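Comments concern the structure below.
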Amino acid sequence: MNFLNTFFKIKERNSTIKHEIIGGTTTFLTMAYIIFINPAILSEAGMDKGALITVTILSATIGTLIAAFLANVPFALAPGMGLNAFFTYSLVIGRGIPWETALGIVFLSGVFFFFLSIGGIREKIANAIPLCLKISVTGGIGLFIAFIGLKTLGIVASNPATIIGLSRFNTKIMIGVVGLFIAVILEIKKVKGGILIGIVASTVIGFFTGDTLLPTSIVSIPPSIAPIAFKLDILSALKLSLLGPAFSFMFVDLFDSLGTLIACSKEIGIADKKGNVKDLGKMLYADVSATMVGAVLGTSTVTTLSETAAGIAAGARTGLASVVTACLFIISLFFTPLVSIVPSFATAPALIIVGVYMFKNICDLDWKDYKTLFPSFITILMMPLTYSISTGLAFGFISYIIIHAGTGDFKKLNPTLIFIGVLSAISLIV
């Protein structure tokens with residue numbers, strides 16, 4: 001016990017081992033849905049679902065342990081929502097890129113992120129990008145994810161007359177809707193693991209209607225990662241036309257990570273009044289390291305999840321909580337038979353709820369400033385309509401620059417932003 005107190009500085013941060021265990025468990029319950037959702041999304045890219053379950057758990061475990069021991073923070077990492085959708089629907093399905101190449105792009109984005117960490121370039125880029133675009137990126141991804149959730153659930157479908165339309169309801173859709181409202185109500189009531197409970201509830205209801213297959217076993221050896229591990233194709237990812245997607249992965253990871261890290265660091269008392277965070281560099285190194293490890297293992301970008309805040313609210317203050325979270329992920333490895341039977345109509349509602357959480361950030365936009373509102377709207381709108389996060393980003397950067405240059409407001413433009421705009425234009429043209 002004394003070793004734990006000394007190593008993780010538990011007393012120094014006004015915490016106890018009990019609080020760390022409770023906080024780490026809470027974080028796991030709030031983010032455990034990723035074990036179901038990430039394989040469901042990435043498997044549509046043609047990747048082996050069993051291997052994805054194992055890799056999702058392993059990447060979350062490794063990333064969370066890196067944060068625990070490198071930075072001594074109660075932060076949990078796992079494949080990020082939105083980034084996995086970008087991987088599958090924008091790159092693999094949308095552009096016809098092999099998933100091996102897409103993994104190479106993820107790895108390169110991590111390499112770019114790593115080099116940008118040298119000399120504070122990373123922070124300079126983050127500061128150079130307008131706040132309205134940072135907010136709209138998150139909102140756009142939220143709308144994109146929610147749309148994918150509705151499509152996966154079957155509520156919306158293609159329609160030759162109106163492009164998309166409402167589907168005819170069937171048993172699976174009805175079960176999914178029930179699970180959706182169960183999860184939403186539990187989230188409103190702040191029940192820990194509300195999304196996870198919704199997934200389980202839909203799956204169980206499916207047993208009675210015959211829409212969910214019974215597992216052949218409950219506990220088993222985890223599926224092999226061989227079908228996807230070490231299959232990334234970095235050479236094929238080294239193309240000018242793929243530079244945009246690589247930077248899109250990096251930008252979204254950068255925005256999400258910085259926002260989550262700064263907000264959570266304030267809660268645990270390691271950030272000053274100006275927002276400067278102690279050991280922020282170590283936290284970001286943990287993030288980028290996890291991304292590269294995840295790509296090698298076979299998953300999309302691994303990032304710090306906002307669900308970390310739930311564990312902090314429950315008392316987590318040190319890396320010990322992250323160790324607890326990681327241990328629970330390791331235990332879940334041996335229950336993959338239960339994970340593998342979860343149907344898409346049970347996981348789809350989770351996408352809609354996560355989309356709502358991400359979309360709510362648009363309330364921070366300046367609704368009276370049309371010069372920033374229009375680029376924000378275009379960014380949010382183009383992501384779901386083009387089925388591409390990178391395309392939405394590109395339109396947002398380009399429109400922001402054109403509008404401010406056209407109105408003579410050059411002080412809002414900077415060399416870094418203009419450079420990003422040029423890269424965005426090249427990406428769209430190529």
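The set of residues from the stretch 270-323 being at pLDDT 80 or above, surrounded by fewer than 21 Cβ atoms within 10 Å (Cβ to Cβ) and touching a strand residue (DSSP E or B) at 6+ places or on another chain (Cβ under 8 Å) comprises just one member, 293. When residue 242 is tested against (1) modelled with pLDDT of 75 or more; (2) crowded, with 20+ Cβ neighbours inside 10 Å; (3) closer than 30 Å to residue 342 by Cα, exactly one condition is not met: (3).
The residue that is nearest to residue 366 (Cα to Cα), among those in the stretch 127-150 that are in a helix (DSSP H, G or I) and over 19 Å from the mean Cα position of the chain (by Cα), is 132. Just so you know, in the stretch 396-418 the residues that are closer than 27 Å to residue 142 by Cβ and without any contact (Cβ under 8 Å) to a residue 24 or more places away in the chain include one that is farthest from the chain's Cα centre (by Cα), and it is 402. Starting from residues that are over 20 Å from the mean Cα position of the chain (by Cα) and assigned to a helix (DSSP H, G or I), keep the ones in the stretch 358-375 and report whichever is modelled with the lowest pLDDT. Out of the qualifying residues, it is 364.
When only residues in the stretch 181-224 that are under 22 Å from the mean Cα position of the chain (by Cα) and small (Gly, Ala, Ser) count, which is modelled with the lowest pLDDT?
193
Within the stretch 42-57, which residues are of a type in the set (S, T, N, Q) and in contact (Cβ under 8 Å) with a residue 12 or more places away in the chain? Passing the criteria: 54, 56.
Hey, could you check the stretch 358-377 for residues that are among the hydrophobic types (A, V, I, L, M, F, W, C) and within 30 Å of residue 195 (Cα to Cα) and say which is surrounded by the fewest Cβ atoms within 10 Å (Cβ to Cβ)? Here the answer is 363. If you check residue 221 against the conditions, is it surrounded by fewer than 21 Cβ atoms within 10 Å (Cβ to Cβ) and free of Cβ contacts under 8 Å to residues at least 60 places away in the same chain? No. Candidates are the residues of the stretch 324-357 that are β-branched (Val, Ile, Thr), assigned to a helix (DSSP H, G or I) and surrounded by fewer than 18 Cβ atoms within 10 Å (Cβ to Cβ); the one that is farthest from the chain's Cα centre (by Cα) is 331. Of the residues making up the stretch 14-34, those that are farther than 13 Å from residue 326 by Cβ and of a type in the set (Val, Ile, Thr) number 6. Looking only at the stretch 1-34, count every residue that is in contact with a Phe, Trp or Tyr (Cβ under 9 Å, 6 or more places away or on another chain), closer than 17 Å to residue 333 by Cβ and not in a helix (DSSP H, G or I) and tell me the total. Total satisfying the criteria: 1. Inside the stretch 386-421, residues that are part of a helix (DSSP H, G or I) and crowded, with 16+ Cβ neighbours inside 10 Å make up a count of 19.
Mind listing whichever residues of the stretch 379-401 are farther than 18 Å from residue 422 by Cβ and aliphatic (A, V, I, L, M)?
Within the stretch 379-401, the subset farther than 18 Å from residue 422 by Cβ is 380-389.
If the condition is that a residue be farther than 18 Å from residue 422 by Cβ and aliphatic (A, V, I, L, M), then 380, 381, 382, 383, 385, 389 are the ones that fit.
Take residue 227 and tell me if it is within 24 Å of the chain's Cα centre (by Cα) and in contact (Cβ under 8 Å) with a residue 40 or more places away in the chain. Judged against the criteria, residue 227 is a match.
Screening residue 75 against (1) within 16 Å of the chain's Cα centre (by Cα); (2) assigned to a helix (DSSP H, G or I) leaves a single unmet condition, (2).
Summed over the stretch 146-166, residues that are closer than 18 Å to residue 209 by Cβ and without any contact (Cβ under 8 Å) to a residue 60 or more places away in the chain total 1. Consider residue 303 carefully, then state whether it is under 16 Å from the mean Cα position of the chain (by Cα) and either more than 16 Å from residue 225 (Cα to Cα) or outside any helix (DSSP H, G or I) (or both). So residue 303 passes the test. Is the stretch 110-117 home to any residue that is in contact with a helix residue (DSSP H, G or I) (Cβ under 8 Å, 6 or more places away or on another chain), part of a helix (DSSP H, G or I) and buried (at least 21 other Cβ atoms within 10 Å of the Cβ)? Looking for residues that are in contact with a helix residue (DSSP H, G or I) (Cβ under 8 Å, 6 or more places away or on another chain), part of a helix (DSSP H, G or I) and buried (at least 21 other Cβ atoms within 10 Å of the Cβ), one finds at least one in the stretch 110-117, hence yes. One residue stands out in the stretch 58-88 among those that are of a type in the set (Phe, Trp, Tyr) and buried (at least 22 other Cβ atoms within 10 Å of the Cβ): the one that is nearest to residue 296 (Cα to Cα), namely 87. One residue alone among 211, 253 is surrounded by fewer than 22 Cβ atoms within 10 Å (Cβ to Cβ), in contact (Cβ under 8 Å) with a residue 12 or more places away in the chain and among the charged types (D, E, K, R), and that residue is 211.
The values are calculated or read from the model by the stated rules, or taken from the named source; none is laboratory data. Since we're looking at a predicted model, the values are computed, not measured. Cβ coordinates were reconstructed from backbone atoms using ideal geometry, including for glycine residues, and neighbour counts include every protein chain displayed.
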